[in-house]
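The values are calculated or read from the model by the stated rules, or taken from the named source; none is laboratory data. Just so we're clear, the structure is a prediction, and the values are computed from it rather than from any experiment. Reconstructed Cβ throughout: ideal geometry from the backbone, glycine too, with neighbour counts over all protein chains shown.
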């Protein structure tokens, strides 16, 4: 007895059979799920930085190479489309090879694509490097990655965690966009591309050393789960599995409502504002650095809005939340063309704050609806919904460049996107409730 209670025994004494497996010191430590979420957040922050760059490249590439804005917009659209189309396959690949291997490989691919752009001389090279390579790499770290982490590591607080991870993309925009715009204005676009390449490589060691694929790898139950969940075996046939999930989901109207509304979401955010806000503001005499800083401020308020949306999603109807988000977004876009000027005035600041709160607030309720309807396949199905998001973004990124070349302004694109957001709000209200909830009872997390 004295040896087991005096603390002078062997170092293994606290782990003997007489000690309870869930002793009080262990309970006081944060659950490992939060560390995994932190690494995921940092990774998505990097992905947000990479996604923020295309809007800064339009004018410099047009000036240096004489490429039309439509041509540059096509390269951006390829990037956005592959970002979405890769997401469901990436989710399936994570089930086969693990999140760590897939994300590390994606970061290396991004670094390669961004680094090679400094040597390009022809427009097809922009499509290959920034469109294909960076698109495939960033698509592997898309929001389906956030959904996979939330589904595997969390039972309680899933909506909140989804909101936090989604906000990581905006955090990347916040941290890097003003710096990248300053570098572009004073030193050209090539140092910016090299900065993206170096940043992607810098994140790889953190992913490889700290990210874990499943709670069972650490001998833990998911956060808030009532019992330990064994790690499932690797699932082979990632491509077939992703396609089968699409085939099953597409048989119902719910999938098409979610995919259609999320396509409009992508058209009105990544495809339009993130790509065209800076050049549109510059058309009205606003300096590029100032316009980029405003876009970064959108990222500040998006962090607040997305985390708040995750909190609301845990408590309110995701369908009604989506209808409110899309409706308010549409109204703001209709008024935006009247707010552009050569200086920053209060009405533009109000738009920035308002649009920032709404930017990616649609993601937590959309993921929640996918989880409600598609259960264990929800991450893959959400990947396909995200693919629709990026296809919508890609179409608008290309068409807005064509409209600017033909009409001399982006006004018609803002008005059209505002009207489409009203349609998305109606689509969200039509989404039916799942006939039988699949989620197990959630234990209260300690």
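Here are a few things to note about the model shown:
- Residue match in the range 393-402 (condition: under 24 Å from residue 87 (Cβ atoms), modelled with pLDDT of 85 or more and part of a loop (DSSP other than H, G, I, E, B)): no
- Residues of the range 209-229 that turn out to be touching a strand residue (DSSP E or B) at 6+ places or on another chain (Cβ under 9 Å) and closer than 27 Å to residue 105 by Cα, as a count: 2
- Which numbered condition residue 56 misses (of (1) under 22 Å from residue 274 (Cβ atoms); (2) more than 18 Å from the chain's Cα centre (by Cα); (3) at pLDDT 80 or above): (3)
- Checking each residue in the range 115-130 for being in a helix (DSSP H, G or I) and under 17 Å from residue 73 (Cα atoms) picks out 117, 123, 124, 125, 126, 127, 128, 129, 130.
- Selection status of residue 141, surrounded by 24 or more Cβ atoms within 10 Å (Cβ to Cβ), within 14 Å of the chain's Cα centre (by Cα) and not in a helix (DSSP H, G or I): yes
- Looking across the range 186-201 at every residue that is surrounded by fewer than 18 Cβ atoms within 10 Å (Cβ to Cβ) and touching a residue at least 24 places away in the same chain (Cβ under 8 Å), the one that is nearest to residue 64 (Cα to Cα) is identified as 188.
- Listed conditions (1) in a helix (DSSP H, G or I); (2) in contact (Cβ under 8 Å) with a residue 24 or more places away in the chain; (3) more than 17 Å from the chain's Cα centre (by Cα) are all met by residue 67, apart from (1).
Conditions tested, residue by residue: (1) touching a helix residue (DSSP H, G or I) at 6+ places or on another chain (Cβ under 9 Å); (2) buried (at least 19 other Cβ atoms within 10 Å of the Cβ); (3) part of a helix (DSSP H, G or I); (4) modelled with pLDDT of 90 or more.
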site: 348; (1), (2), (3), (4): yes, no, yes, yes
site: 376; (1), (2), (3), (4): yes, no, yes, no
site: 380; (1), (2), (3), (4): yes, yes, yes, no
site: 409; (1), (2), (3), (4): yes, no, no, no
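- Residue in the range 326-344 that is in a helix (DSSP H, G or I), touching a residue at least 60 places away in the same chain (Cβ under 8 Å) and farther than 27 Å from residue 76 by Cβ present: yes
- Single residue of 37, 75, 104, 49 found to be touching a residue at least 24 places away in the same chain (Cβ under 8 Å) and within 25 Å of residue 240 (Cβ to Cβ): 104
- Among the residues making up the range 204-263, those that are crowded, with 16+ Cβ neighbours inside 10 Å and either on the phi > 0 side of the Ramachandran plot or in a loop (DSSP other than H, G, I, E, B) (or both) are 211, 212, 213, 214, 220, 221, 222, 224, 225.
- Cβ pairs under 8 Å, 6+ apart, first in the range 111-127 and without any contact (Cβ under 8 Å) to a residue 12 or more places away in the chain, second surrounded by 16 or more Cβ atoms within 10 Å (Cβ to Cβ) and in a helix (DSSP H, G or I): 120/126; 120/129; 125/116; 125/117
Residue-wise test of (1) under 26 Å from residue 420 (Cβ atoms); (2) more than 22 Å from the chain's Cα centre (by Cα).
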residue: 240; (1), (2): no, yes
residue: 257; (1), (2): yes, no
residue: 279; (1), (2): yes, yes
residue: 305; (1), (2): yes, no
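- Matching residues in the range 264-276 - criterion: being in a loop (DSSP other than H, G, I, E, B) and either within 15 Å of residue 325 (Cα to Cα) or at pLDDT 90 or above (or both): 269
- Enumeration of residues in the range 83-102 that are crowded, with 20+ Cβ neighbours inside 10 Å and within 16 Å of residue 151 (Cβ to Cβ): 87, 88, 90, 91, 92, 93, 94, 95, 99, 102
- Note on the range 382-407: residues that are surrounded by fewer than 24 Cβ atoms within 10 Å (Cβ to Cβ) and more than 30 Å from residue 69 (Cα to Cα) total 0.
Residue-by-condition table, conditions (1) farther than 28 Å from residue 301 by Cα; (2) modelled with pLDDT of 85 or more:
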site	(1), (2)
169	no, no
173	no, no
186	no, no
196	no, no
234	yes, no
247	yes, yes
260	no, yes
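- Yes/no for residue 183 being part of a helix (DSSP H, G or I), buried (at least 21 other Cβ atoms within 10 Å of the Cβ) and touching a helix residue (DSSP H, G or I) at 6+ places or on another chain (Cβ under 8 Å): no
- So residue 328, is it more than 29 Å from residue 85 (Cα to Cα), more than 15 Å from the chain's Cα centre (by Cα), surrounded by fewer than 24 Cβ atoms within 10 Å (Cβ to Cβ) and modelled with pLDDT of 85 or more: no
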